[in-house]
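The values are calculated or read from the model by the stated rules, or taken from the named source; none is laboratory data. Computed from a prediction, not measured in an experiment: that's the story for all the values here. In this analysis, Cβ positions are derived from the backbone assuming ideal geometry, glycine residues included, and neighbour counts consider all displayed protein chains. Accessible surface areas use protein heavy atoms only, side chains included; no ligands, DNA or RNA. Shrake-Rupley method; radii C 1.70, N 1.55, O 1.52, S 1.80 Å.
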Amino acid sequence: MKYAIAFLTLFITAAVPAQKQPAPTPAKPAPQATVDAAPISMSDPDGQDLILEDLSARAAIQGMLSLTELELRFRNPTSRRIEGRFTCTLPANAAISRFAKEVNGQLMEGEVVERLRANQVYEQFLHQMRDPALLEQEQGNRFSARIFPIDPNATVRILLSYTTLLPLRGGQRTYSLPLRGTARMKHFRFRAFGTALPGEETGGVMAKSTADVWSMDESDYTPDHDIELTWRPTAEASRARILRSGDFYLAAFRPPLRRTDSYPNMNGRWLFYVDTSASAAEGAEHRIRALERLFAALPARDTVQVRVFDQEIVTLANGSAAELSRSIGQLLRARLFLGGTDVGALLRDIANAKTNETVVVASDLVPTLGNTDRKELNDQLKALPRLTIHALILGPREDAQLVRALTGNMRGRIVRLPFSEQLDQRASEAASTLRRELGASFDVADSGAEWVYPSHFDDVDEGDEVIVIGKVKPASQPAVRLTGAAATEMQTTSLPAGTFAPLLEREGYRAYLDYLAEREANEPSEAVRRALATEQVRISVEQRVVIPRTTMLVLESEWDYQRFGLD
């Protein structure tokens, strides 16, 4: 797998364009200035930002599979040797596949190591003034790395690669590179090679059999928008496809549904929980603006109660939607964004909500204090009364698994509201989405598979794509099917994985890790949970897929890895 991903990196660099696409058009600045959470940054231990000298982004995309490689060079502007703190916020479903640091002019590749063991080795090297680097997955989709040493006025070069799945949403497949909020960089390059699936088109042009190419090359560049590439299916596009590589397969279904745009009677009563923890301070003005516009877009006479939560839960306001659209900003600014996020306390409070209230949780749902054990949080979720609970994700950060668990079993829907130049419009659309009737629900089954993941989907709407990954039993063929009220027979088109077979296999192992994590969160036996946790670490290390229990560790030489017994 390690060398297969390396081959894909070479493919990104060497592919020959068949049709050049125009560079994404820079968007107008957002109407209200604020301090955003930079998706990519490096600072010293005192919080002083290092200078981003160069960022080169390369992407390879085939249908719903994608690989992105970031090559970054930071300069230490101080007169002292420092330990750099690198952070990046990736797309919600991204999985790290590579982390490397330049040491003495040569790239040293990171190896996946169990988290406690990696931190012990890193600290030992740090005390010896050696050249380690350590990349960890924080809860949610934020990753951070410690890099030492960075000499005075010197530069450090690092490489980061990640994979993502790109399902159709609302009839559109979107590749996104998060850049908005990144500090000015001296040089930025972007190059993407995209091969659409048969029957899909990009930029209004039917895809060819070879890759389309997008590119940018800018100097003294300050990103005011993310880069997005989109594809849409035509009438000729298959509604069911299977890609297979080895024992793994990916099945993609686009059920024929009809969007009703109906708004069920919810008595016009809303209970909003707004996260005011320290992590929400990043882009706080955008969060406030989004809530103001969202409340203004609700029916004016709807009654809204706002409770804020961090390490405590406080009722901040009661009133009509129109009244709160005018007052919520001042109230939140006075409240401030401080402390941690106690998700366990949040769930206990939600359990007391009235059944005629629609609950909306505006948070990344990343637990940072109180009860953070996934099994116990999952038990709390199962014990919640039958309520309508929506998740409103403001900004780029989220704990995707906990968000899905909160809204699952047809309790509600996930509404993501990115900080962009269309914030006002998107916030108004979010209000309509929160009121709209939920979409269809499907179960997934495959008698020829050892496992499939996910096995259940909620709130599937017109134009949405259901993507399932499974592992077939020996001598079996995929026989995956959807069951549910809206399920119909769809003829499946089988496609060869081709050049991107390593990416499909990687998504297979990532799905298996998610499958094991879900089993662990639902398993009553402590002994079985320990065994499942051990298996997750083993698969993560063997297949180089970073999970919260593992990290990527870069040491100075091959001998150093051998010295500590690291493969």
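Yes/no per residue for (1) over 25 Å from Phe143 (Cβ atoms); (2) open to solvent by 20 Å² or more (accessible area, probe 1.4 Å):
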site	(1), (2)
Leu291	yes, no
Val308	yes, no
Asn318	yes, yes
Ala322	yes, yes
Thr341	no, no
Asp349	yes, yes
Asn356	yes, yes
Val359	yes, no
Leu365	no, no
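For beta carbons closer than 8 Å, sequence separation of 6+ or different chains, a first residue in the range 448-473 that is closer than 15 Å to Arg173 by Cβ and surrounded by fewer than 19 Cβ atoms within 10 Å (Cβ to Cβ) and a second that is modelled with pLDDT of 90 or more and among the basic types (Lys, Arg), the qualifying pairs are Gly463/Arg169; Gly463/Arg254.
Scanning the range 216-235 for residues that are open to solvent by 70 Å² or more (accessible area, probe 1.4 Å) and of a type outside the set (Asp, Glu), we see that the one that is farthest from Arg173 (Cα to Cα) is Ser219. For the range 160-205, the strands (runs of 3 or more DSSP E) that sit wholly inside it and include 2 or more residues that are hydroxyl-bearing (Ser, Thr, Tyr) and open to solvent by 30 Å² or more (accessible area, probe 1.4 Å) are 173-177. Out of the range 418-435, which residues are part of a loop (DSSP other than H, G, I, E, B) and either crowded, with 19+ Cβ neighbours inside 10 Å or at pLDDT 90 or above (or both)? Listed by number, the list holds a single entry, Phe419.
So, of the residues in the range 197-240 that are among the β-branched types (Val, Ile, Thr) and under 14 Å from Leu179 (Cβ atoms), which turns out to be modelled with the lowest pLDDT?
Our first condition is that a residue be among the β-branched types (Val, Ile, Thr); within the range 197-240, this holds for 202, 205, 210, 213, 222, 227, 230, 234.
This time we only want the ones that are under 14 Å from Leu179 (Cβ atoms), so: 222, 227.
Values: Thr222: 93, Ile227: 90.
Once the filter is applied, the top-ranked residue is Ile227.
Of the conditions (1) buried (at least 21 other Cβ atoms within 10 Å of the Cβ); (2) farther than 30 Å from Glu450 by Cβ; (3) of a type in the set (S, T, N, Q), Thr155 fails just one. Which one is it? Condition not satisfied by Thr155: (1). For the range 375-393, check the following and say yes or no: at least one residue is of a type outside the set (Asp, Glu), more than 30 Å from Tyr512 (Cβ to Cβ) and open to solvent by less than 20 Å² (accessible area, probe 1.4 Å). The answer is yes; a qualifying residue exists.
Mind checking which residues of the range 394-411 are at positive phi and either aliphatic (A, V, I, L, M) or open to solvent by 20 Å² or more (accessible area, probe 1.4 Å) (or both)?
Kept after step one, since they are at positive phi, are these residues of the range 394-411: 395, 409-410.
Of everything in the range 394-411, those that are at positive phi and either aliphatic (A, V, I, L, M) or open to solvent by 20 Å² or more (accessible area, probe 1.4 Å) (or both) turn out to be Asn409, Met410.
Within the range 42-70, the set of residues being surrounded by fewer than 19 Cβ atoms within 10 Å (Cβ to Cβ) and either among the β-branched types (Val, Ile, Thr) or assigned to a strand (DSSP E or B) (or both) comprises Ser43, Asp49, Ile51, Glu53, Asp54, Ser56.
What number of residues in the range 516-529 are in a helix (DSSP H, G or I) and either touching a helix residue (DSSP H, G or I) at 6+ places or on another chain (Cβ under 6 Å) or at pLDDT below 95 (or both)?
First, the residues of the range 516-529 that are in a helix (DSSP H, G or I): 516-522, 526-529.
Those still in the list that are either touching a helix residue (DSSP H, G or I) at 6+ places or on another chain (Cβ under 6 Å) or at pLDDT below 95 (or both) too: 516-522, 526, 529.
Of the residues in that region, 9 qualify.
Quick check: is even one residue across the range 302-317 polar (S, T, N, Q), in contact (Cβ under 8 Å) with a residue 12 or more places away in the chain, assigned to a loop (DSSP other than H, G, I, E, B) and farther than 16 Å from Leu394 by Cβ? Yes, the range 302-317 contains a residue that is polar (S, T, N, Q), in contact (Cβ under 8 Å) with a residue 12 or more places away in the chain, assigned to a loop (DSSP other than H, G, I, E, B) and farther than 16 Å from Leu394 by Cβ. Quick test for you: out of Arg85, Arg98, Arg73, pick the one residue that is touching a residue at least 24 places away in the same chain (Cβ under 8 Å), under 24 Å from Glu398 (Cα atoms), open to solvent by 10 Å² or more (accessible area, probe 1.4 Å) and more than 17 Å from the chain's Cα centre (by Cα). Only one candidate passes the filter, namely Arg85.
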